[in-house]
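Values in this text are rule-based calculations from the coordinates and carry no lab data. Just so you know, these numbers come straight off a predicted model, no measurement behind them. When we count neighbours, we look across all protein chains shown, and the Cβ atoms used for this are built from the backbone with ideal geometry, even at glycine.
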Amino acid sequence: MRLNKYRGPGLAARLKLGRDKNPTVLSGPFKGLRYPTYGIGSEYFPKLLGTYELELHPTFEGLANTTFQDIIIVGAGEGYYVGGLARRFPSARIVCFEADPDGQTAVAEMALANEFSGRLDNRGFCEPADLRAVLPESGRPLLVMDVEGGERQLLDPEAIPALSRTVIVVEVHDCFEPGLDELLRQRFQATHHCEDILSQPRTLDDTRGLPLSDDLRQRVLPLMNEGRPARMRWFVLTPLA
Ligand SMILES: C[S@@+](CC[C@H](N)C(=O)[O-])C[C@H]1O[C@@H](n2cnc3c(N)ncnc32)[C@H](O)[C@@H]1O
């Protein structure tokens, strides 16, 4: 049921998207990533199109100029960021957490298909102690988090001091818990610069990076909808020191 839900509407089939048994991401920072045929926890087609969280493309393009030895992804879904970041940072150690066992399986398959299993540590539900244990003792790791409100518990630098030197890209679920944005802002105020990025509705202009004809670009627009419950925001937290 869940897998079918995230395979998207019939329009996709008419466009022959998702029929490919070995799809790859079509555009964006993770273009060329070999992808599963289903999604876990979020809409599938924006990822295959490469327009998923388009608002963060400049962030990930910018981060690609930094060398990260440790990348941690919490709330991995089927592995869009796991696979994408493994591809962009070919020597990084990748640790990911996904509570849904189907997601863990998808991540493992993606790692095999994209040949990064050897540097992947694929884990289940993430508690604060787990995050504390996987953050390295020194250096500047990258943490990407989307945990549906769990960021209140997990992004606590008092409990996890290594967060103070971690680059953090987090989807902030203040739509579920009003005030969570302000709480996170305060927690990292002394140690990080906070860039606040708001989600935007998709427009035809957003299809311009897709390798599709003008006619298909028009028709693909509904597939770019990420089905968000409200206008969402991300924080990109960069250590000051
Ligand atoms: C909206 S989805 C993430 C989508 C993700 N941005 C992607 O690229 O596919 C949120 C996921 O977080 C997972 N999750 C929520 N809390 C978690 C936790 N504490 N540890 C691990 N996974 C968690 C859920 O199972 C769900 O699959």
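Quick notes on this one:
- In the elastic network of the chain, a GNM with C-alpha springs shorter than 10 Å, the most mobile of S117, S199, S138 is S138.
- D196 versus S117: modelled label distance in nm, points set 7 Å from Cα along the beta carbon direction: 4.5 nm
- Mean separation of Cα contacts under 8 Å, 6 or more apart, over the residue count of the range 2-239: relative contact order %: 19 percent
- Averaging the Cα positions of each part gives two centres, and for the range 23-92 and the range 182-212 these lie 15 Å apart.
- Top of D156, D146, D215 by mean-square fluctuation, Gaussian network on the chain, Cα under 10 Å: D215
- Angstrom value of the Kirkwood radius, inverse mean 1/r, which spans all Cα pairs in the range 141-241: 15.3 Å
- Computed from the Cβ-Cβ distance with R0 of 51 Å, the FRET efficiency linking E148 to R208 stands at 0.95.
- Calculated on alpha-carbon atoms, Rg and Dmax of the range 38-116 in Å: 12.2, 33
- Dividing the radius of gyration of the alpha carbons in the range 90-140 by their Kirkwood radius gives 1.00 for Rg/Rh.
- Candidates I160, I94, I73: whichever shows maximal mean-square fluctuation once the chain is modelled as a Gaussian network with Cα springs under 10 Å: I160
- Loop-located chymotrypsin sites (Phe, Trp or Tyr not before Pro) in the range 60-154, at most 12 other Cβ atoms within 10 Å (DSSP): F125
- Within the range 188-241, the trypsin sites (Lys or Arg not before Pro) that combine a DSSP coil assignment with at most 11 other C-beta atoms in a 10 angstrom radius are R208, R231.
- When the range 2-239 is reduced to its Cα atoms, the Kirkwood hydrodynamic radius in Å: 18.2 Å
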